[in-house]
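Since the structure comes first, as structure tokens, the remarks are kept for the end.
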Amino acid sequence: MSAPEVPQRIVRCPGCGGDSVYVTSNLYRPFCSARCKNSDFGAWASEGYRVASGPTPEESDEGSAPLPH
Ligand SMILES: [Zn+2]
């Protein structure tokens, strides 16, 4: 009975802040589950999309002055 001890790194899940086992078997590391990974990626993607959008076009109301009547 000499099972080799596999060191497990417990990291903090960026999604829920819970414990996540940082091992190769954990496909969602450093996240604890697919849900956390997807939610975090979604937030990141949406934020990046917002930044990608260019600035609003200039609103020039003073360009057309009302003619004196
Ligand atoms: Zn999590």
Members of segment 6-32 that are more than 9 Å from the ligand (Cβ to nearest atom) and of a type in the set (S, T, N, Q): Q8, T24, S25, N26
Filter pass, G63 being part of a helix (DSSP H, G or I), among the small types (G, A, S) and at pLDDT below 70: no
For V11: the one exception among (1) among the aliphatic types (A, V, I, L, M); (2) modelled with pLDDT of 70 or more; (3) open to solvent by 60 Å² or more (accessible area, probe 1.4 Å): (3)
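The values are calculated or read from the model by the stated rules, or taken from the named source; none is laboratory data. Note that the coordinates shown come from a computational prediction; the quantities given were computed from them, not determined experimentally. No Cβ is skipped: glycine too gets one built from the backbone with ideal geometry, and neighbour counts run over all protein chains shown. Each accessible area value is taken on the protein alone, full model and side chains, heavy atoms only, with ligands, DNA and RNA left out. Shrake-Rupley method; radii C 1.70, N 1.55, O 1.52, S 1.80 Å.
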